[in-house]
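What follows is a short report on a single structure.
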Amino acid sequence: MWSNLAGGSRSHLCERRRALLRCILTILRNIMNLMHMRHFWLAGVVLAAVLALLPFSFHAERHLETATRVEGSEAESVAEELASRFRSPFVDRVVLVIQGLPPADSEGGEQALATIVEGLKEEPGVSGIVSHLDLRDPIFLGRGGATFVLVGLASTEGPVESLVPKLQERVISLQNRLRGRYPTVKIELTGETPLNFDIRKASADDVQHAESLVIPATLVLLLVAFGSVVAALIPLAVGQLAIATTLAIAGFLALHFHLSILVQNMAAMLGLGLGIDYALLMVSRFREAICAGHNGLQASLIAARQAGNTLLISASTVAIGFLALLTVPISEIRSIGVAGFLVAGMSLLLATTVVPAVLAVLGPRINAGRLPFTARLDADRAARTGNRWRQWGKVIVAHPWLAIFLAGVPLLLLATQAARLDTSLPRGNWLPPAAESVHALHTLEQMDRAGVVQSLRVILELPTDSIAQTDSGWNTLDRFTKRLASDPRADRVLSITTMAESNRSSLSNLSRETRRTFLSRDGRAALLEVLPAASVSLRDQVNWVRELRKTGAAALTGIPGATLRIGGIPALNADYQTIVGDRFASVLVLVVVGTLVALLAGFRSLFAALKAIALNLLSVGASFGALVLVFQDGHGSSLLGVHEGTGSVFPIVPIVAFAIVFGLSMDYEVFLVARVLEARRSGLSEMDAIPEGLARTAGLITSAAAIMIVVFAAFTFGNFLVVKMIGFTLAVAVFIDATLVRIVIGPALLRIAGDWNWWPGGLAAARRTPVMASGE
């Protein structure tokens, strides 16, 4: 009986255990279903948000600025001081270049000029006008009767460049009014603000031109990679959505922060690259699962779980580089950081939410629209490609030192050229050639008056004497004016002393606008407009600014306690170069350390992380060397529309290219090393795991790199030289990284290091956690 009772008890206990197990399984199944529902719910929310943002992307450009802002710089402080302390009407100004009229000092010329001036005064936003009618100075008289008018601008709504279109309309109206009497009259705007405005248009045109080249070429590459129209269209759609959402969000941010027009260039360049790259990985893993016999839902969950981890690490390394750019107090560089961070985040979000949901719905239909030349099964094609890369991997692991020597020596030689990198302003004419403001600037150059646009705006402040009320203060300013004018680099120096003829008693004869422009309200500070000579290059102007600042006001005037502040375009360029040079090392450290931490967290391996850092530095160095040879030295630059060497590269290029390249190059390292680590955790030796990792990832890496190269290369054919340089550097870096570095040097180093690759916890992690990133 006891045995029966015991048996009954055990049977009842087993039934209870079975019921409990069934209950647990039911709960787990419900949780999985709930998670699946939430996954689709999240994808729906993300897609709805993206679609809601799309209309705003078309208007983002109008909120982006073309003016360069260097926060806390001396040039910026001069502009602020002229606006607040002087209340000058010419803090922001344009130059109206006039041709085809009688000379300005003739009766007919004065009448025509008066018509133009009166018409300009009616335009809202015009805060001041100075012409030959106000100052009978020969500076306004150019060759062939040409003259110019200085027009001050003040905008109460939006950036000052928003006034340019209406001012252009006014100028056209005035030109048409005068054309009946003077058929050859021509009036054009130039100056910093119109030049920035035209750069905006050139930038937008470059983006449209690049996209028109990139999208068809990218579609072809995706069709070759997948052999299916549907599979090819998904990554392309993700890239376009990533661009649109980035521009829309940037447009909202620009309402509160200064964001540069470079946002749209970077969004287009990186959105097409990263968005397609990440979606390519997800679609590839999904198709592998479909070929393995899983249904659409199962395959999408596998792709989201396995490839999603890899994308998270890859996007993190990219984002780190862009976040580091936010530490540089220059609007252009911070704007690129914002654009890159948004693109990386949106590409990751779309690829890990919307794409898996779409793939789950498509299922086997992912292969719809199969092309005729891809009639063989995808599994067969993948096997053949994998076998070729597996054989390549076996060659590398058999001769690792030879592989490192053959691939490493050329890259090191190329990287040594980076030591000659010159980050001063490039020589030559690199402004958009078709722009009206550029034509007008060239006209000023022919008049030997281009210095009006590129003037040094020097503020001299005396410690005690009032310039307006004391002879000593007046004489100090007069001596300083003459000292600057005696410099061979100066064409003219304009100050209150040159305006008031001989002595301060003539101040009362000057117009209110002139006094406000050249003399502060308290009379202790004065502005000197130093017009550089035509022969002085932009680089020489920057050096001149630095020389004056280093010498100091006390030495230049002989007055202890006197101060000197220099603004204007040359000073802004000097401040820009100085800040970029000072911050480059800190950005480098932030990017390297941040990337190292991300890789340590992902791989739990010190050597794998350090190796990735070292290889990335090699890729960056080699790409900088190519930049020096092609653009700085001019070897082959004519193929990119640059007819001769620029002698230097823009200061923005190295710091931005480093931050971008370091993150992008890490993608392929993560793809490869994660697969090798997975193979090691499955029990393969290092000799077998490396070829297996190459077999699984090399085809994907080359396809993704080919798309990246096409995207970046397309931007080298525009008219924006700084974007040309950045696009070229990125294209070269990706090409080098995806070929010699990741396919040759990286596997060879893995072979040499052996088990040290995964020290201290890379292999041990397999016993505690699921395999990371097995989806690449």
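The values are calculated or read from the model by the stated rules, or taken from the named source; none is laboratory data. Everything quoted here is computed from the prediction, not taken from an experiment. Virtual Cβ from ideal backbone geometry, glycine too; neighbours counted across all protein chains shown. The area values use the complete protein model at the heavy-atom level, side chains included, leaving out ligands, DNA and RNA. Shrake-Rupley method; radii C 1.70, N 1.55, O 1.52, S 1.80 Å.
If the condition is being among the small types (Gly, Ala, Ser), open to solvent by less than 20 Å² (accessible area, probe 1.4 Å) and in a loop (DSSP other than H, G, I, E, B), then the stretch 172-203 contributes only Gly191. The set of residues in the stretch 263-297 being free of Cβ contacts under 8 Å to residues at least 60 places away in the same chain and open to solvent by less than 10 Å² (accessible area, probe 1.4 Å) consists of Ala289 alone. Step by step: first the residues of the stretch 81-113, then only those that are β-branched (Val, Ile, Thr) and either without any contact (Cβ under 8 Å) to a residue 60 or more places away in the chain or outside any loop (DSSP other than H, G, I, E, B) (or both), then the one that is farthest from Arg524 (Cα to Cα). Which residue is that? For the stretch 81-113, the residue satisfying everything is Ile98. Does the stretch 570-580 contain at least one residue that is more than 21 Å from Ala525 (Cβ to Cβ) and open to solvent by 40 Å² or more (accessible area, probe 1.4 Å)? Looking through the stretch 570-580, at least one residue is more than 21 Å from Ala525 (Cβ to Cβ) and open to solvent by 40 Å² or more (accessible area, probe 1.4 Å).
Of the residues Val130, Val78, only one is touching a residue at least 40 places away in the same chain (Cβ under 8 Å), open to solvent by 20 Å² or more (accessible area, probe 1.4 Å), under 25 Å from Ser495 (Cβ atoms) and in contact with a strand residue (DSSP E or B) (Cβ under 6 Å, 6 or more places away or on another chain); which? After ruling out the rest, the residue left standing is Val130. Against the definition (on the phi > 0 side of the Ramachandran plot, of a type outside the set (S, T, N, Q) and open to solvent by less than 50 Å² (accessible area, probe 1.4 Å)), how does Gly100 come out, yes or no? Here the answer is yes, as Gly100 does meet what is asked. Within the stretch 477-489, residues that are basic (Lys, Arg) have Cβ atoms under 8 Å from residues that are open to solvent by less than 100 Å² (accessible area, probe 1.4 Å) and in a helix (DSSP H, G or I) in these pairs: Arg479/Thr557; Arg483/Leu556; Arg489/Asp540; Arg489/Gln541; Arg489/Trp544, counting only partners at least 6 apart in sequence or on another chain. Every test in (1) within 25 Å of Leu233 (Cα to Cα); (2) touching a Lys or Arg at 6+ places or on another chain (Cβ under 9 Å); (3) at pLDDT 80 or above is passed by Thr702 save one, and that test is (2). Checking each residue in the stretch 411-429 for being open to solvent by less than 70 Å² (accessible area, probe 1.4 Å) and in a helix (DSSP H, G or I) picks out Leu411, Leu414, Ala415, Gln417, Ala418. The residue of the stretch 306-327 that is surrounded by the most Cβ atoms within 10 Å (Cβ to Cβ), among those that are more than 13 Å from the chain's Cα centre (by Cα), over 11 Å from Val591 (Cβ atoms) and among the aliphatic types (A, V, I, L, M), is Ala307. Taken over the stretch 430-478, residues that are among the small types (Gly, Ala, Ser) and in a helix (DSSP H, G or I) amount to 6. The set of residues in the stretch 504-553 that are modelled with pLDDT of 90 or more, β-branched (Val, Ile, Thr), assigned to a helix (DSSP H, G or I) and in contact with a strand residue (DSSP E or B) (Cβ under 7 Å, 6 or more places away or on another chain) contains only Val545.
Among the criteria (1) within 21 Å of Glu529 (Cβ to Cβ); (2) touching a strand residue (DSSP E or B) at 6+ places or on another chain (Cβ under 8 Å), the one His439 does not fulfil is (1). For the stretch 155-195, enumerate the residues that are under 29 Å from the mean Cα position of the chain (by Cα), of a type in the set (A, V, I, L, M) and over 15 Å from Glu122 (Cβ atoms). Passing the criteria: Val160, Val164, Leu189, Leu195.
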